[in-house]
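Right, one structure below, let's go through it.
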Amino acid sequence: GTRASKEIFDILSAKFPAAQYDELAKMVYQHKDKTIINGDRLISVITAGTSDIPVAEEAALTAEIMGNQVERIYDVGVAGIHRLLARVDDIRKANVNIVVAGMEGALASVVGGLVDKPVIAVPTSIGYGANFHGLSALLAMLNSCAAGISVVNIDNGFGAGRLADTMNSLR
C-alpha cells in the first residue's frame, strides 16, 4: 500500500501481523520471499536532492520487493554536478536507472546522456519557486532530447519501481 500513514499501518498490522511499514517511503507491505530474482542486473535509484528521497524510496522499495538488487545514489543533482560525475561509474553499472528530481527536472536528461541503458524519470512535486507542484519537472522530462528516457507521473515512485522491474526482467 502506497501513500500510507502510520495510522493506516497500525490498523492493518492488527489484522496482518507480517505487515511492515516504511515511514520514509510511506508504504505498507509484506515482503515474504526475499529472493533476488534479477541478482545479476542492478537498478539504480538516483535523486537530485535530499527532498526527493521519499519518492525515490517508494521506487527503490517497490523494485526490491519485486526481487531486484537496488543501489541508491542520492543527492547528486545538477546544482552540484561534481557529485554526479563522481558516481558515473556506479550509475553506468545499472541495467535500469530511475532518476527522481523536482525543480526543473534536469537530472534525468543529464543521466540519459551519460548512460546507454533505460532511464525512468520521476518528477517530484518538491521544490520552491515556479515549479508548479512538479509540472515544470514533468514537462522538462517529457521534452528531454536524451534518448532512452521514459517518464512516469509526478511523485509516482511505485510506477517507476514497477516499470524498472519489468525492464530489468527482460532477457
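Coordinate-derived values only; no laboratory data. Because the structure is predicted, anything quoted here is derived from the model rather than measured. With ideal geometry, Cβ positions are generated from the backbone for all residues, glycine too; neighbour counts draw on all protein chains shown.
Structure notes:
- Once you divide the Cα radius of gyration of region 109-149 by 2.2 N^0.38 Å, the number left is 1.22.
- Neighbourhood net charge (14 Å Cβ-Cβ; Lys/Arg +1, Asp/Glu -1) for residue 13: -2
- Gain upon complete extension [residue 90, residue 16; 0.36 nm per residue less C-alpha separation]: 22.8 nm
- Descending by average beta-carbon neighbour count within 10 Å, the peptides 2-14, 20-32, 132-144, 57-69 line up as 57-69, 132-144, 20-32, 2-14, the highest first.
- Taking the square roots of 5 times each eigenvalue of the Cα gyration tensor of region 1-133, largest first, gives ellipsoid semi-axes of 28, 20, 9 Å.
- Applying 1/(1 + (r/R0)^6) with R0 = 22 Å to the Cβ-Cβ distance of residue 81 and residue 116 gives a FRET efficiency near 0.65.
- Spatially close Lys pairs in the chain, defined by Cα atoms under 21 Å apart and a spacing of eight or more places or different chains, total 7.
- At 0.890 mPa s and 25 °C, Stokes D of region 75-171 from Kirkwood alpha-carbon radius, µm² per second: 184 µm²/s
- Neighbourhood net charge (12 Å Cβ-Cβ; Lys/Arg +1, Asp/Glu -1) for residue 69: 0
- With contributions of -39500 (n - 2.57) from each DSSP H run of at least four residues, the per-residue ellipticity at 222 nm computed over the chain stands at -10500 deg cm²/dmol.
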